[in-house]
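Read-outs throughout are calculated quantities, based only on the coordinates presented, and are distinct from any laboratory measurement. Model, not experiment: these values are computed from the prediction. Note: ideal-geometry Cβ built from the backbone for every residue, glycine included; neighbour counts use all protein chains shown.
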Amino acid sequence: MTELVKRERELQPDNKRAASSAARSVLRSCSRFCCFLGSIIVIFALLGTLLELASWAIWSMYPLTRQAELENQIASPVYAGAEWAKEFWQEESARRKKHSIYVPFRLWSVTSWHGKYINNDPGSGGYLRRTINPANCEAPRKITVWTFGGSTMYGTAVPDWATIPSYLSRDLNSGGNDCVVVSNFGVEGYVTDQELILLEEQLKAAGKPDIVIFYDGVNDSSLAWPPSNSPMPHFQYGTIKNRIEGSLSGRLDFLQKSYALRLVREWMSRLHRPSSFTQLISQAQPNVIAALNNYEGNMRLARAFADAYKFKLYCFWQPMLVYGHKPFVPFEQQMAIRDASGASFDSAWFLTNVAVYREAELHAARDVNYVFLGDLFDSTKEPVYVDEAHLGPRGNEIAAQAIASYIRNHPEK
């Protein structure tokens, strides 16, 4: 017995040394694995960073896509001779980088911004783009005008003084005895569904307009493409839907903004033959009708608000580069040729817009609920477009003159 105990005591240090050695071996293995895993992660992170930097350099240096070309929108001849243009676009670019804010039901709205050329002032229920109205209203009667629309009404690509509402205020106040005050409720990216909710919110907030103007067309008709989508939601519908539902694509959608994936999508789109887009465009026809029906339904609801709240309603379908017969300057011609080619998703998107515009013109000819301005620039030889939808100062001035003229000639609305 004594010998066994003695033997066990002699073996205990050996057992401890063996256990300690085994533990150290496991630790060394874990350490090597962690180092290996860490090295792999670091390598992939470095490769991803280098790939993103290289993609950014390619995207920035070479105008491989329509969007890359349009990021330098100051190239439009509408800014020729404008000493303020370069400084304005520096401010406009900085403003566009500011994150959107969430608002109930409408999802996003105008954000606070104050600069030399662009100012979003606090108003009822949020921020509004500044409109240049008369400094002192001493007329016996004050007329309140609310304007609704997307980025073209908001005034993307122009200073405060060159928005449609600012020109409209100037035109409606010229030669009259009344003082007209115009408020700009335009929000970039809005479709008429969101604008209708915004109108409702303003009316509930005890607002009392005398005139309400809707100026739409491009955004609403854009929802007809691609054919697989519903033609009646809002922009970024899929992204917001996936985030709310918590899907994997929703959790990883931030990757969609990477320059590497942008380049991949661009190259993939170039692999498609134009005929494939032609087939998709033909499949979009049901959405064309549905998108227009949705717009017209919204305008009927707006008309019901007008009857209930006793204001005059005027609805206008805006012009677009690839519709109508405008005499193009070279800059506009280049964009029109590219958009009409049908050789990319972007051009197919605009060709679908054209289909909606064609239907809208036919409907407007027999429907007094809205005025079709798609042919507004058919006799305008000077440049007016910054891109396919947005106008420079002169284009906005012409649009405002057309709206003001129609209001004067149709006071019974």
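At 10 °C and 1.306 mPa s, what whole-number value in µm²/s does Stokes-Einstein give for the translational diffusion of the range 310-413, with Rh from the Kirkwood sum over Cα pairs? Calculated translational D: 108 µm²/s.
Output the relative contact order of the range 75-409, whole-number percent, from Cα pairs under 8 angstrom with separation of 6+ residues. Numbers along the way, then the final one.
Values: 556 pairs, mean separation 66.3, N = 335.
Relative contact order, the range 75-409: 20 percent.
Here the Karplus relation 6.51 cos²θ - 1.76 cosθ + 1.60, evaluated at θ = phi - 60°, turns the backbone of the range 349-365 into coupling constants of 4, 6, 5, 5, 4, 4, 4, 5, 4, 4, 5, 4, 5, 5, 5, 5, 5 Hz, with x for every Gly and Pro. Couplings 3J(HN,Hα) of the range 102-112, computed from phi: 7, 10, x, 6, 8, 6, 9, 8, 5, 9, 5 Hz, in residue order, whole Hz [Karplus 6.51 cos²θ - 1.76 cosθ + 1.60, θ = phi - 60°; x for Gly and Pro].
Please sort by residue number the GluC sites (Glu not before Pro) in the range 312-413 whose DSSP state is loop and whose Cβ has at most 11 other Cβ atoms within 10 Å. Don't skip to the answer; put the middle values down first.
On the way: sites: Glu332, Glu359, Glu361, Glu388, Glu397, Glu412; in loops: Glu388, Glu412.
Listed in order of number, the matching sites are Glu412.
For the residue pairs Lys86/Lys381; Lys86/Lys116; Lys116/Lys257, alpha carbon separations beyond 20 Å are given by Lys86/Lys381; Lys116/Lys257.
Each residue of the range 83-99 was assigned a 3J(HN,Hα) from its phi angle through the Karplus expression (A = 6.51, B = -1.76, C = 1.60, θ = phi - 60°), giving 5, 7, 4, 4, 5, 4, 5, 5, 5, 4, 5, 5, 5, 5, 7, 6, 5 Hz with x at Gly and Pro. Taking the Cα centroid of the range 358-413 and of the range 126-172, what is the distance between the two, rounded to the nearest whole Å? Here the two parts' Cα centres lie 17 Å apart.
Counting Lys and Arg as +1 and Asp and Glu as -1, what is the net charge of the other residues whose Cβ lies under 10 Å from the Cβ of Asp375?
On the way: positive: Lys326; negative: Glu361, Asp378.
Every neighbour counted, the sum reads -1.
Classified by the C-alpha gyration tensor, the range 75-409 has a rounded form. Its axis ratio a/c, with a ≥ b ≥ c, is below 1.5. Once backbone amide H atoms are built at 1.01 Å from N, Val371 has Cys315, Phe316, Trp317 as its partners under 5 Å, excluding neighbours fewer than 5 places away on the same chain. Residues whose amide H lies under 5 Å from that of Leu128, counting only those 5 or more places away or on a different chain, are Asp121, Gly123; hydrogens are built 1.01 Å from N in the peptide plane.
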